[in-house]
Amino acid sequence: MSISDKSERALSIDELLQRNVYDVDDEPHIIVDTEKCLKCRVKPCTLLCPAGCYTLSPDGEILFSYEGCVECGTCRSICPMDAITWNYPRSGRGIYYRFT
Ligand code: SF4
Ligand code: SF4
């Protein structure tokens, strides 16, 4: 079963993410130790974060932005270098999921 709009068309991940509302905390809830990232060969966060929060610079360094995080916890689970300090945003901030 897939989530669809009123025309019963299946929505893409980007369309689903755009439906959500974010109350962005001005203090990052995820901290990445990018020194450890330099030794991470596969960099799975760039492949598996559903919100695209991890990208590579032209120099191959990890760039991270927490604002679009959907709080799934994937990066914390898959990081092989234990480089991520992960918390939920403060005071209930962060993503508000909208399912309709
Ligand atoms: S998986 Fe962890 S160590 Fe590897 S690049 Fe991503 S955050 Fe850095
Ligand atoms: S918790 Fe999920 S959405 Fe947020 S940065 Fe990690 S993988 Fe991306």
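The values are calculated or read from the model by the stated rules, or taken from the named source; none is laboratory data. Fair warning: this is a prediction, and the values are worked out from it, not measured in the lab. Cβ placement follows ideal geometry from the backbone for every residue including glycine, while neighbour counts extend to all protein chains displayed. Quick note on the areas: whole protein, heavy atoms, side chains included, nothing else; ligands and nucleic acids left out. Shrake-Rupley method; radii C 1.70, N 1.55, O 1.52, S 1.80 Å.
Miscellaneous remarks
- Checked against (1) assigned to a loop (DSSP other than H, G, I, E, B); (2) within 12 Å of ligand 1 (Cβ to nearest atom); (3) within 30 Å of ARG19 (Cα to Cα), SER77 passes all but condition (1).
- Test: residue in region 11-19 that is more than 13 Å from ligand 2 (Cβ to nearest atom) and in a loop (DSSP other than H, G, I, E, B): yes
- Restricting region 33-58 to residues that are open to solvent by 30 Å² or more (accessible area, probe 1.4 Å) and in a strand (DSSP E or B), the residue that is farthest from ligand 2 (Cβ to nearest atom) is LEU56.
- Verdict on ASP82 being under 17 Å from the mean Cα position of the chain (by Cα) and part of a loop (DSSP other than H, G, I, E, B): yes
- Filter result for GLU71 (more than 9 Å from ligand 2 (Cβ to nearest atom) and either out of contact with any Cys (no Cβ under 7 Å at 6 or more places or on another chain) or open to solvent by less than 50 Å² (accessible area, probe 1.4 Å) (or both)): no
- Condition check for ILE95: in contact with a Phe, Trp or Tyr (Cβ under 6 Å, 6 or more places away or on another chain) and either within 12 Å of ligand 2 (Cβ to nearest atom) or in a loop (DSSP other than H, G, I, E, B) (or both): yes
- Selection within region 80-100: residues that are closer than 15 Å to ARG19 by Cα and open to solvent by 90 Å² or more (accessible area, probe 1.4 Å). The member of this set that is farthest from ligand 1 (Cβ to nearest atom) is THR100.
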